[in-house]
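Down below is the structure, laid out as structure tokens.
The values are calculated or read from the model by the stated rules, or taken from the named source; none is laboratory data. All figures in this text were calculated on a predicted structure; none of them were measured in a lab. As a convention, Cβ positions derive from the backbone with ideal geometry for all residues, glycine included, and neighbour counts pool all protein chains shown.
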Amino acid sequence: MKNKNLTLGIDIGGTKMLFACVEQGQIKGEILSYPTPDTSGAILECILEGIENFYPVKSIAIATAGTVNLENSKVTGSTGNLPGGYIGLELGKTLRERFKVPVLIENDANAAAYAEFRAGNAKNHGNTITITLGTGIGGGIIVEGKILKGTTGAAAEVGHIPITPEKKRKCTCGNWDCWEAYASGTAYHKYKDHDMWEEYVSMGLAALINIFEPESIILSGGMARIADYELLDKKVKNRVVMARTKILPAKFENYAGLIGAALLAEVELIEF
Ligand SMILES: [Zn+2]
């Protein structure tokens, strides 16, 4: 495998880091996986070591936990699951200087949504949203074929949509009663009101559909595998104005982030 014609996709999550070369949405060759270290210095060392296994490559595309700036060059927001110093690593600059190739960084949920839009179960759906129902809730929103970034790059933090004023459940973000505190996998296991879970999920999905009217909403993550899609569909349809959005499972799951980042790099870095 000649890596120098391929983009190296990297996924940096709270528990593991994944590396694989990607060509037009397909993983080529081996996938490397490391447990995510607990200091920012060790994370950087691990990234460099991972890249060395594939180098030379055409470009480097990183999907990461945390918010990423509009220029796709650095992590700007706290991730909760990664050490504080991670934000200060200036990953884009550091890797570009070291490996002399273009580097693109995108939020992992945004990258996952882009993967589903370009090559997954939302293929060619110009308006689509991917929701990850895992430990927390992540979201990526595609509007007219582009990732919705917001003013600084922190859009689509859908897990923190407030769904009730009752102050019943504390969220990981410090606020009360975010969607994530009701509809994530963590909430499902912690509160054990399982009959209500689809109800809670449908509330967030309906909010998103009423705002964006996407062609599809893709569900990924551990909870997406146990969700009752028929029930969700029925509950969502009762809450939305225009009930045409399809609710579908994800195609890419664990590799969505690195595949999506690589697909994005192939478009965004084309001028290099
Ligand atoms: Zn929250």
From the options Glu116, Glu97, residue that is outside the structural domain of Val241 (by TED's automatic domain parsing), charged (D, E, K, R) and either surrounded by 18 or more Cβ atoms within 10 Å (Cβ to Cβ) or assigned to a strand (DSSP E or B) (or both): Glu116
Test: Gly92 is of a type in the set (Gly, Ala, Ser), in the same structural domain as Glu45 (by TED's automatic domain parsing) and without any contact (Cβ under 8 Å) to a residue 60 or more places away in the chain: yes
Matching entry among Gly185, Gly174, Gly222, Gly204 (being under 16 Å from Leu133 (Cβ atoms), surrounded by fewer than 18 Cβ atoms within 10 Å (Cβ to Cβ) and either under 17 Å from the mean Cα position of the chain (by Cα) or within 15 Å of the ligand (Cβ to nearest atom) (or both)): Gly222
Contacts under 7 angstrom Cβ, first residue in segment 244-267 being on the phi > 0 side of the Ramachandran plot, partner buried (at least 22 other Cβ atoms within 10 Å of the Cβ), 6 or more apart: Glu253/Ser220
Tabulated pairs, segment 99-119, first under 27 Å from Pro56 (Cβ atoms), second of a type in the set (D, E, K, R) and buried (at least 24 other Cβ atoms within 10 Å of the Cβ), C-beta under 7 angstrom, 6+ apart or interchain: Asp108/Asp11
Residue tally, condition farther than 30 Å from Lys74 by Cβ and charged (D, E, K, R), over segment 149-169: 4
From the options Ile131, Ile141, residue that is within 16 Å of the ligand (Cβ to nearest atom), at pLDDT 95 or above and either under 15 Å from Gly257 (Cα atoms) or assigned by TED's automatic domain parsing to the domain that holds Thr67 (or both): Ile131
